[in-house]
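The values are calculated or read from the model by the stated rules, or taken from the named source; none is laboratory data. Given the structure is predicted, the values throughout are model-derived calculations rather than measurements. Here the Cβ positions follow ideal geometry from the backbone for every residue, glycine too, while neighbour counts run over all protein chains shown. Quick note on the areas: whole protein, heavy atoms, side chains included, nothing else; ligands and nucleic acids left out. Shrake-Rupley method; radii C 1.70, N 1.55, O 1.52, S 1.80 Å.
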Amino acid sequence: MNSIVINKKELENKWSVKRHLNLPKHPDTEIINITDLLYINPEKRYLSNNKISEDMKLIEAKSIDKNTGRIIKPLSIKSIKDLPKRARLIAKPGDIIFPTIQSKKISPVFIKNNTYIVSDYFAVLVPKYNRMTDPYYIYWALEDDYVKKQVRSYYQGSYGKKINIEEFKKINIKWLEESKRKKKSKNVKSYLRSLEEKTSKLSLKDTIDKIFEDTFEINYNILKNKSSEIYSKKTLKQKKTWNIKKLLTSNLESKTSHQIKNLNEMALDITMGLQYRNLDKIDKKSLIKGKNIEVMKLKLENKNKTPDHNIKKHQLQNNDIMLRVKGKIGPCTLVTRKEAGMHFYNDIARIRADKNIVMPQYLALFLNSFIGDYYLNRYSKNKSMTYLNIKSLKKIPVIIPGIIDQFKIIERFHNEKIIHLINKNNIFNKK
């Protein structure tokens, strides 16, 4: 049976001995109290001491993704009268919020770009920015099991257990030697950066899908399930074809009043990239591969954008569309003047749109949308790997609205993309 000595003062207000037994053992490292580094729910963060603007959003427990610890669903508010009683705090860029209610997943959350109203399901931690303050290291320490075990031992309440703020101020964190702190900080930076890139990529794709679903009133789930639809023999006779892909295309036509054209009807040229045997003829730093393509953008580190040697057939021009067609079908992006002159590998198809029929920006967005995804994958083949050849690529059906409607879709995408990128700089990178 465990036995510990408890200071009398510790028992004056809290007679729960169990909580002391549950506290983690002292680690092998030095420890430091979090109040040496952080202000916990300071007065300047109380709602009553701040002005509330209409564009501010509320963070509740359900606003945090349990897997990544990121803010995903902050609630919009119309007026201060609409706020729940638990909305008591403000969190500003640079703050960290930490859950105080009982939960299996306990993770700190960086507040990066916006000011939020926060329910008392969280404590607001404001870095003191003294000589010891490194927010990334603090994040690591708060994620560590040593802190989580302390938090759980301090939970109280018969229903909806939580840790109160006075108890929260007793929490200690591991204080490693300086070189190890720097290493932990670097790892956290790398992790959060990769998480942000992944989230940004997903949100950009989600944005495109939402625009196309709204514009053409085609639901992703309905489209996805069409492949399992049963066609009668009579229907197939009427269609005069047994080609299931043609039937899928006709189903798309029935759902929109816009033109449906195959890709070859709107492309001036569709070309596959350079073969491996020809790579010695170019500056390989000027070569773009499928892995460099993201949704409507390119990831080009250490690339030569002004090559000396060239193979004109495989040199990119402004407004070319690049689509990944081997190993993984999609995504695609648009070539800008910065990439013009670079070369592309044979896991990429280069599409030059006929601007009299379709705007290149619109076509790139369509091919990235869930509608484009659906048909690209339906027309792809699978042997040793998944691939899409030119013959099949030319058959891909594309919805073509009028030029004005195409422009509206492009404009909406760019407006929403800008919203995603506003204040992207991480405040913690400031010196």
Review point. When both residues are 6+ apart or on different chains and their Cβ atoms are under 6 Å apart, which pairs have a first residue that lies in region 379-397 and is without any contact (Cβ under 8 Å) to a residue 24 or more places away in the chain and under 19 Å from residue 260 (Cβ atoms), and a second that is open to solvent by 10 Å² or more (accessible area, probe 1.4 Å) and not β-branched (Val, Ile, Thr)?
Key: 392/379
Exercise for review: Give, as residue ranges, the helices (runs of 4 or more DSSP H) completely inside region 120-194 that count at least 2 residues that are within 18 Å of residue 105 (Cα to Cα) and among the β-branched types (Val, Ile, Thr).
Suggested key: 145-153
Exercise for review: Considering each residue of region 58-101, count those that are buried (at least 16 other Cβ atoms within 10 Å of the Cβ), farther than 23 Å from residue 193 by Cα and touching a residue at least 60 places away in the same chain (Cβ under 8 Å), and give that number.
Suggested key: 4
Exercise for review: Look at residue 119 and say whether it is small (Gly, Ala, Ser), within 21 Å of the chain's Cα centre (by Cα) and surrounded by 15 or more Cβ atoms within 10 Å (Cβ to Cβ).
Suggested key: no
Revision key, fill the gap. Given (1) under 20 Å from residue 195 (Cβ atoms); (2) at pLDDT below 80, residue 116 misses just (2)
Exercise for review: Could you tell me which residue of region 402-431 is most open to solvent (accessible area, probe 1.4 Å), considering only residues that are modelled with pLDDT of 90 or more and farther than 21 Å from residue 206 by Cα?
Suggested key: 404
Point to revise | Residue under evaluation residue 17, criteria (1) open to solvent by 40 Å² or more (accessible area, probe 1.4 Å); (2) modelled with pLDDT of 55 or more, criterion not met | key: (2)
Practice item. Kindly provide the set of residues from region 361-389 that are open to solvent by less than 50 Å² (accessible area, probe 1.4 Å), of a type in the set (Gly, Ala, Ser) and over 23 Å from the mean Cα position of the chain (by Cα), ordered by number. Key: 380
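Is there a residue being assigned to a strand (DSSP E or B), basic (Lys, Arg) and either on the phi > 0 side of the Ramachandran plot or open to solvent by less than 40 Å² (accessible area, probe 1.4 Å) (or both) anywhere in region 341-360? Reasoning before the result, please.
We begin by selecting, within region 341-360, every residue assigned to a strand (DSSP E or B); these are 343-345, 348-353.
Going one step further and asking which of them are basic (Lys, Arg), we end up with 350, 352.
Imposing the further condition that a residue be either on the phi > 0 side of the Ramachandran plot or open to solvent by less than 40 Å² (accessible area, probe 1.4 Å) (or both) reduces the set to 350.
There is at least one residue in region 341-360 that is assigned to a strand (DSSP E or B), basic (Lys, Arg) and either on the phi > 0 side of the Ramachandran plot or open to solvent by less than 40 Å² (accessible area, probe 1.4 Å) (or both).
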Check your understanding: Considering 224, 255, 291, which residue is part of a helix (DSSP H, G or I), open to solvent by 20 Å² or more (accessible area, probe 1.4 Å) and at pLDDT below 90?
Key -> 224
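Those residues that are surrounded by 13 or more Cβ atoms within 10 Å (Cβ to Cβ) and either under 24 Å from residue 47 (Cβ atoms) or not β-branched (Val, Ile, Thr) (or both), I need them from region 139-150; list them, please. Walk me through how you get there before you give the answer.
First pass over region 139-150, keeping only residues surrounded by 13 or more Cβ atoms within 10 Å (Cβ to Cβ): 139-144, 146-150.
Residues satisfying the conditions are 139, 140, 141, 142, 143, 144, 146, 148, 149, 150.
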